[in-house]
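The next block holds one structure in the form of structure tokens; read it before the comments.
Laboratory data are not the source of any read-out in this text; all were calculated from the coordinates shown. Worth saying up front: this structure is predicted, and the values here are computed from it rather than measured. No Cβ is skipped: glycine too gets one built from the backbone with ideal geometry, and neighbour counts run over all protein chains shown.
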Amino acid sequence: MTNAKPVGTATVDVDTPRAIDPGLPVADRVFRGGARAVGLLVLAIMASIGVFMFSESGIAFDEFGWSFFTEHRWALETNQLGVLSLLVGTVTVAAVAIAIAVPFALTTALFITEYAPLRARRTLIALVDLMAAVPSVVYGLVGLILFQPYLADIARWIHDFFGWIAILDVPGADPDTTNWNNTAHQYTSSAFIAGVAVALMVMPVCAAVMREVFSQAPAGEREAALALGGTRWGVIRSVVLPFGRSGIVGGTMLGLGRALGETIAIALIIVPAFDVKLRILENGTITIASQIILRFGESSPLQLSALMFAGLVLFVFTLIVNTIAAAVVSRSRSGAATEI
Amino acid sequence: MHSNESSGTADDPSPAPAAGTATAVLPEVPDVTAVQPKAEAPDALGAKLEADRVSAWFGDHKVLERVSLTMEPGSVTALIGPSGCGKSTFLRILNRMHELVPSAALAGEVRLDGTDIYAPGQRVTETRRRIGMVFQKPNPFPAMSIDENVTAGLKLTGGRRRRDERQELVERCLTKAGLWREVKDRLSQPGSSLSGGQQQRLCIARSLAVQPDVLLMDEPCSALDPTSTRRIEETIAELRNEVTIVIVTHNMQQAARVSQYCAFFLAEEGSPGSVVEQADTETMFGSPSDPRTSDYIHGRFG
Ligand SMILES: Nc1ncnc2c1ncn2[C@@H]1O[C@H](COP(=O)(O)OP(=O)(O)OP(=O)(O)O)[C@@H](O)[C@H]1O
Ligand SMILES: [Mg+2]
């Protein structure tokens, strides 16, 4: 008890935190261990996919270096291979798909949660879920055989009226032609038509996420809006949409993830074209996934490695999109409810 | 003043002179005679609300049996009774919130200034605007700021206002709800940043902004501390000459303090809820005519 300070009888012993035995029960400990193992396994799988693709793309990287990202051709004879046109095409098709799917998904989800009577609601949910379960090759075939003729007509109409917008132009095609049969092929197999097919398969996924979040909008706030004399549309505007923002973002991003990776439906519809262009109505485009499926069987080791490299680019790109989405979603109020 | 038919046991409420019961603590209410008067009560705004033989069901389960009650302008009507006897159900019937429950049904009439609100052709949104509601749990819109919360009803009912008019309205409603001084410097903060009692007063201000004729309150103070409760009771007293107020409460002192008229709901074993007794508050708390009322008021059951 020596004290140099004039404060008086200051005690020397300072509070130290004491050790507490958390005393986790055995069952909890087993579960925690199991959960941790599974979580780590998922991470390990993700990492090994990345490492595998990285090592497989080594040959291509040695050959092309960073110019792989600026090369738009995929010339097999001269082995001039690059990912630029693939990446642009992938983003274009996905953007078309999202632009079409999200408005439909949003109205579908709102109709189901806000307007549909109880019994119709269950039927509609089942139908939309069923739509999500249809294999993508079916959407590809439907898009190709059933929709393409009509979509080409629509594309021509859009070209006619909005052709002055660069991305809706189709150079060399005359939308007012009387000889439609000779012109139609200029509007087929385009990013637009592939995007519509992809939109069909993306829409139910988006709608499911949005519906789930919308239905969790707090009943108290809904009633508040109604009790003020609000219409259902008023409830949607003042309660459901502000609450469901994360669901809209989450659903869109989930759809975007699927659209970026969609393979077979696009491969069925498009005609490969490797020029970097954003003209979505024009015949021909290419995406990373469809290029892989179209070229995989008949490639030299270098070309195979280049495909792997392109796959790695897609992998990283999708990862980035999803991370951004998760960040946006987790910052909003309903974020806890959505998983993407 | 209060008509009272059919529900049996209640005495005719005679306008007996004040017998010095618990109601003596009401604060002075501002004189509003200068403002345009209404037909029934020349000194009070607000509308007369009459429930006429109202019954209610959830599916096959009947929860209300022929409730008749008149809620006069210029007065606060308190609904009391044990849990589950149908007070909230009755209240929600009064502004057509009951029908939002899919299995819900009802019988009887609810007349707002003589017009049945359930008559065909009555617009439900307009009815709900005229008959506002404050809920048990404060429910401000969390995505909106405080002033946007107050004017939310205008947007919802399509009422467009100029900016300065809106600001004036925000101030007026918040003042009436007794919240203005506390929030006037933070109007752009989100409504959810307020305390529970402040949120509830914000909800009252929001209800007032659409100029209702009747204000229904379902246990508005049950989640609040005594100070906030007192503020809201003061608010109710100040508002009663402007809107007809109906309040559900589990707090007998509160019913005695804020109301002029009182209805006791009871659902006996296996039977739907009904009004056992209704009278002005002094009679109800001073000399209840039904022994069950007396038992309930004095905390002997329920
Ligand atoms: N949505 C509903 N579906 C089915 N039954 C309901 C529903 N809401 C209320 N009920 C039933 O109606 C009866 C009356 O309920 P109500 O909520 O009106 O009681 P209350 O008097 O407000 O009770 P409390 O004082 O606890 O709030 C209860 O028996 C309850 O079980
Ligand atoms: Mg209740």
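For the stretch A:20-168, the residue among A:Leu124, A:Leu106, A:Leu40 whose Cα projects farthest onto the positive side of the dipole built from Cβ charges is A:Leu124. In this Cβ point-charge picture (+1 for Lys and Arg, -1 for Asp and Glu), the stretch A:212-340 has a dipole of about 340 debye about its Cα centre. For the protein assembly as shown, DSSP calls about 60 percent of its internal beta bridges antiparallel.
Quick one: dipole size for the stretch A:1-150, taken about the Cα centre, charges +1 on Lys/Arg Cβ and -1 on Asp/Glu Cβ, in debye to the nearest 20.
About 700 debye.
For the protein assembly as shown, what is the calculated [θ] at 222 nm in deg cm²/dmol (nearest 500), taking -39500 (n - 2.57) for each run of four or more DSSP H residues and dividing by its residue count?
Values: 24 runs with 300 residues, N = 642.
That calculation yields -14500 deg cm²/dmol at 222 nm.
Based on Cα contacts under 8 Å between residues 6+ apart, chain A shows a relative contact order of 26 percent.
Model label points for A:Asp129 and A:Trp180, set 7 angstrom from Cα along the Cα-to-Cβ axis, are 4.2 nm apart.
Length gain on complete extension for the stretch B:Ala107 to B:Arg53, per 0.36 nm per residue less the alpha carbon to alpha carbon distance? Walk me through the intermediate numbers first.
Values: separation 54, 0.36 × 54 = 19.44 nm, distance 0.75 nm.
The span from B:Ala107 to B:Arg53 would gain 18.7 nm if fully extended.
Charge dipole of chain A (Cα centre as origin; +1 on each Lys and Arg Cβ, -1 on each Asp and Glu Cβ, all else neutral): 1240 debye, rounded to the nearest 20. Ordering A:Pro25, A:Met210, A:Pro171 by Cα displacement along the dipole of the protein assembly as shown toward the positive end leaves A:Pro171 in first place; charges were set at the Cβ atoms of Lys, Arg (+1) and Asp, Glu (-1).
Under a Gaussian network description of chain A, with springs only between Cα atoms under 10 Å, the residue in A:His159, A:His72, A:His185 that fluctuates furthest is A:His185.
A dipole drawn for the stretch A:69-331 from +1 and -1 charges on Cβ atoms has a positive end, and of A:Gly257, A:Ile270, A:His72 the residue lying farthest that way is A:Gly257. Let me confirm the definition first: pairs of Lys residues in the protein assembly as shown, 8 or more apart or on different chains, C-alpha distance under 30 Å. How many are there? Step by step, the pairs that qualify in the protein assembly as shown add up to 19. Need one word for the stretch B:71-113: rounded, prolate or oblate. Basis is the Cα gyration tensor (sqrt eigenvalues a ≥ b ≥ c); a/c below 1.5 gives rounded, then a/b vs b/c decides. Oblate is the answer for the stretch B:71-113, as a/c is 1.5 or above yet b/c matches or exceeds a/b.
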